[in-house]
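What follows is a single structure, written as structure tokens, with notes after it.
The values are calculated or read from the model by the stated rules, or taken from the named source; none is laboratory data. Here the structure is a predicted model, which means the values were calculated and not measured. Here the Cβ positions follow ideal geometry from the backbone for every residue, glycine too, while neighbour counts run over all protein chains shown.
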Amino acid sequence: MMWSWTLFRYLGRQFIVGVGTVYAGFLFLALSIDIVGLADHTAAKHVPTGVVIAMALLQLPDLGLKLMSFAVLLGGVFAFVRLSRSQELIAIRAAGVSAWDLLAPSLAVAVALGVFTVMALTPLTSRMLVQYSEMEAKYIRGQASQLAISRNGLWLRQGDTHSQSVIHALRVSNQGLRLEDVIVFHYGQNDRFLGRIDARSAVLETGAWTMRDAWVSGPEGKAIYHPAYSFETTLTPAQIQESFASPATISFWDLPNFIATARKAGFSAVRYVLYFDSLLVMPAMFAAMVFMAASFSLRLARMGGLLRVILYSALAGFGVYFFANVTEALGESGILPTALAASAPAAAAILLGMTLVFHQEDG
């Protein structure tokens, strides 16, 4: 049959309404739960209620990004069930529209939504998550250490309320535990300069940085040479690793440069490459959710009712989520290539969904 653009727009609009309704419900639940959780974590720290709400709002886009695949899945189920219950689906199929033509508008909308999410929403989400992380470090964890990677090397800040140290290294090895060509600026309270250390290398050991060929100078600027010098620190190897920026805090557009810079600085960038690849396949994942939704809801009467359809869809969504976590772990450990680890869940969901739709259409 000749495809009707009026029908195409109508089906696409129904799909958007379904996804939007489910996604709004998810966001409301996520915000409510997050506010309660943050209030519980900050109860003993006397954090103002306004700060707790602000933190929850800043984290909400990141939570929404994680829930969007489920929203596409259940929103598709919601849209197809509405069409089925209003007999519109039967009328459309009676007019000679195949299941594949019926799914075309929803697939187009899902892919477009995936592209928009990756290119436009993730940069906004990353900026808001950075602000949330800063507030979390200040109000919940009370951490003063920060790590940043640039093309000119690595910058690391450590300290407490009494003193602060800024460490710069041109080169890094052993995931940040060994620094080369090190400069340390030591400050006291009210940013009072206490001294500087220039060392050929520094190795993080228990409670101290052990430096080699170090020139240590005080506030007056007179430098003294030490073949080996120990500089106290409260940092641990675990804190060094945790200081790395989460992949979700980096914009999609900035990830390629960050990956290249991290590799140049001597750090492993597997986590960031895997996250970048997962963003690239997000439109395909959304399309997979459409196939999964259609496979469970196009034949509502045969499935035994709405509750069973929702149950099957939710189980399928959790199955894809679990499989994605498994492949992500395999990708981070190096067992699977990052591209395969990121694309395997979407490919498996598409193949499974298409198989079920084939069975319903031609079986």
Complete set of residues in the range 247-273 that are assigned to a helix (DSSP H, G or I) and closer than 30 Å to L103 by Cα: none
Residues of the range 152-182 that turn out to be surrounded by fewer than 16 Cβ atoms within 10 Å (Cβ to Cβ), touching an Asp or Glu at 6+ places or on another chain (Cβ under 8 Å) and modelled with pLDDT of 80 or more, as a count: 1
Residues being in the same structural domain as R127 (by TED's automatic domain parsing), out of contact with any Phe, Trp or Tyr (no Cβ under 9 Å at 6 or more places or on another chain) and at pLDDT 85 or above - total across the range 244-274: 3
Qualifying residue in the range 74-86 (condition: assigned by TED's automatic domain parsing to the domain that holds A294, at negative phi, assigned to a loop (DSSP other than H, G, I, E, B) and buried (at least 17 other Cβ atoms within 10 Å of the Cβ)): no
Where A56 falls short, out of the listed (1) out of contact with any Gly (no Cβ under 9 Å at 6 or more places or on another chain); (2) over 21 Å from L315 (Cα atoms); (3) part of a helix (DSSP H, G or I): (1)
Output for the range 201-212, where each listed residue is exposed (fewer than 14 other Cβ atoms within 10 Å of the Cβ) and either in contact with a Pro (Cβ under 9 Å, 6 or more places away or on another chain) or in a strand (DSSP E or B) (or both): E205
Answer from L58, L29 - the residue that is in the same structural domain as T125 (by TED's automatic domain parsing) and either of a type in the set (D, E, K, R) or in contact (Cβ under 8 Å) with a residue 24 or more places away in the chain (or both): L58
Near pairs, Cβ below 6 angstrom, 6+ apart or cross-chain, from the range 122-146 (within 11 Å of Q59 (Cα to Cα) and not assigned by TED's automatic domain parsing to the domain that holds L235) to any residue that is at pLDDT 80 or above and polar (S, T, N, Q): S126/T249; S126/S251; L129/T249; V130/T249; Y132/Q59
Condition met for K45 (surrounded by fewer than 18 Cβ atoms within 10 Å (Cβ to Cβ), of a type in the set (K, R), closer than 18 Å to G317 by Cα and within 28 Å of the chain's Cα centre (by Cα)): no
Residues that are within 30 Å of R93 (Cβ to Cβ), charged (D, E, K, R) and free of Cβ contacts under 8 Å to residues at least 60 places away in the same chain, drawn from the range 319-363: D362
Out of D101, D62, sole residue that is within 20 Å of A287 (Cβ to Cβ) and either in a helix (DSSP H, G or I) or at pLDDT 95 or above (or both): D101
